[in-house]
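See structure below.
Just so it is clear, none of the values below were taken in a lab; they were calculated from the coordinates. Source: prediction; values computed, not measured. Here Cβ is always computed from backbone atoms with ideal geometry, including for glycine, and neighbour counts include all displayed protein chains.
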Amino acid sequence: MLTAVLGAVGCRTTSTSAPPNLSSAVVVRAMPQEAWQVKDGERVIGFVVRFETDSAGDKAYFSVRNEHQQELGIVDAQGRAWRYRAHQREPDWVGSGTIENGARSILTGTSVMQLVPIALDRLVESALPR
């Protein structure tokens with residue numbers, strides 16, 4: 001009887017899961033190519049960074065970040081803009097158009113908002129506390 005009780009206590013069930021088609025997944029690396037400071041009047045409200053893949057097809061997207069370099073959304077190469085929402089799996093589509101319009105929608109900028117080109121190494125400097 002004691003053996004049966006100890007045998008039941010020692011049983012353990014383990015389950016694992018993986019995304020569908022994981023075996024056919026391909027890792028694609030995207031590297032930053034260009035960057036812009038987003039200014040709304042005289043105030044810096046964020047950054048836009050253009051990433052491009054190193055694979056065939058020249059796929060690119062634009063990361064839209066706040067002034068602390070936190071990514072708030074993306075704009076794809078076709079001009080479709082999505083804003084990330086806290087605790088939501090899928091981002092909200094906020095519109096289509098130019099990269100500047102997408103950044104304006106994501107960062108809630110005004111009509112005077114503009115993109116000012118900056119060097120990629122300045123992104124690291126801007127993220128440092130002052």
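Which shape class applies to the chain: rounded if a/c is under 1.5, otherwise prolate when a/b exceeds b/c and oblate if not, where a ≥ b ≥ c are the square roots of the Cα gyration tensor eigenvalues? Write out the running numbers ahead of the final one.
Working: a/c = 2.76, a/b = 2.31, b/c = 1.19.
Prolate, since a/c reaches 1.5 and a/b exceeds b/c.
Could you identify which residue out of S96, S24, S111 has the top mean-square fluctuation in a GNM of the chain using Cα springs shorter than 10 Å?
S24
Can you give the relative contact order of region 32-110 as a percent, counting alpha carbon pairs under 8 Å and 6+ residues apart? Walk me through the intermediate numbers first.
Details: 165 pairs, mean separation 16.6, N = 79.
This gives 21 percent for region 32-110.
Pull up all non-local amide H partners of A77: gap of 5 or more, or a different chain, and H-to-H distance under 5 Å with H placed in the peptide plane.
A60
Most exposed first by the Cβ proxy, i.e. fewest other Cβ within 10 Å, how do I106, I118 rank?
Details: I106 28, I118 17.
Going from sparsest to densest Cβ surroundings: I118, I106.
So which residue, out of A35, A18, A103, gets the largest mean-square fluctuation from a GNM of the chain using Cα contacts under 10 Å as springs?
Among A35, A18, A103, the largest GNM mean-square fluctuation belongs to A18.
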